1. Tally the residues that are more than 8 Å from the ligand (Cβ to nearest atom), assigned to a loop (DSSP other than H, G, I, E, B) and surrounded by fewer than 13 Cβ atoms within 10 Å (Cβ to Cβ), restricting the search to segment 93-116.
2. When you go through (1) among the β-branched types (Val, Ile, Thr); (2) within 15 Å of Arg74 (Cβ to Cβ); (3) surrounded by fewer than 18 Cβ atoms within 10 Å (Cβ to Cβ); (4) modelled with pLDDT of 95 or more one by one for Thr125, which number turns out not to apply?
Amino acid sequence: MSLFLGAQASSLLRILLLFFFLTALTPLLSACSNSPAPPESIASPAVPSAAAANPVHQIVLPHDEPDFPPGAGRDVFMSRCMVCHSLRYITMQPDFPGKTWGKEVDKMVKTYGAHITPDEARQITAYLAAIKGSDKEKQPQP
Ligand code: HEC
C-alpha cells in the first residue's frame with residue numbers, strides 16, 4: 001500500500017517538475033524567437049492603389065537621339081546613315097579628318113552594303129567633316 005502511494009507521489013512530483021520547467025521555459029523560448037509581429041500593411045493590405053490595380057507598368061525612356069546642326073548634306077546624312085544603326089555611332093566617334101570620314105562612309109557602302117550613291121557619299125563626308133572634322137576644313141553651309 002505504502003509502495004503504491006510512493007509510486008503515485010513520485011509520478012505526481014515528476015508531473016509537477018515537468019510543469020515547472022515548461023512554465024519556466026516558455027518566456028525564454030518566446031524571447032529567442034526573434035520574429036516581430038508583421039506590420040499592419042502586410043497583415044491587412046490597405047485599399048489597392050492604382051498601380052496594383054493595373055498590372056501593366058509603363059516606364060518612359062529618355063529620348064536622346066543626338067541633334068545635328070543644320071548644314072549642306074544634313075538631310076542626306078540623316079536619311080542614309082540612320083538606316084542600320086543609331087546616329088550615336090557617329091557622335092561617339094572622336095573628330096576625324098575629312099579623309100577618315102570618307103573612308104568610314106565608304107566602309108558603310110562597301111563592307112555593310114549601305115545604299116548610298118557616290119554623290120551622296122561626297123555630301124555626307126563633307127557634312128561629317130564639317131560637324132565632326134578634326135581638320136575643320138569646311139563649315140556647314142546653311
Ligand atoms: C547598311 C547598313 C549601314 C548603313 C546604311 C550605315 N552603317 Fe554605319 N555601321 C554599320 C555596321 C554593320 C556597323 C558595325 C556595327 C558594329 O560593329 O557593331 C557600322 C558602324 C558604324 C560606325 C562605327 C565605327 C565602325 O567603323 O564600325 C560609324 C562611325 C558608322 N557606322 C557611320 C555610318 C555613317 C556615317 C553612315 C552613313 C553614311 C552609316 N554608318 C550608314 C552599318 C551601316
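1. Of segment 93-116, the ones more than 8 Å from the ligand (Cβ to nearest atom) are 94-100, 102-103, 106, 110.
Still in the list and also assigned to a loop (DSSP other than H, G, I, E, B): 94-95, 97.
Filter once more, so that each one left must be surrounded by fewer than 13 Cβ atoms within 10 Å (Cβ to Cβ): 94.
Qualifying residue count, segment 93-116: 1.
2. Among (1) among the β-branched types (Val, Ile, Thr); (2) within 15 Å of Arg74 (Cβ to Cβ); (3) surrounded by fewer than 18 Cβ atoms within 10 Å (Cβ to Cβ); (4) modelled with pLDDT of 95 or more, the lone unmet condition for Thr125 is (3).
The values are calculated or read from the model by the stated rules, or taken from the named source; none is laboratory data. Because the structure is a prediction, the values reported are computed rather than measured. Positions of Cβ are generated from backbone atoms using ideal geometry, with glycine treated the same way; all protein chains shown enter the neighbour counts.
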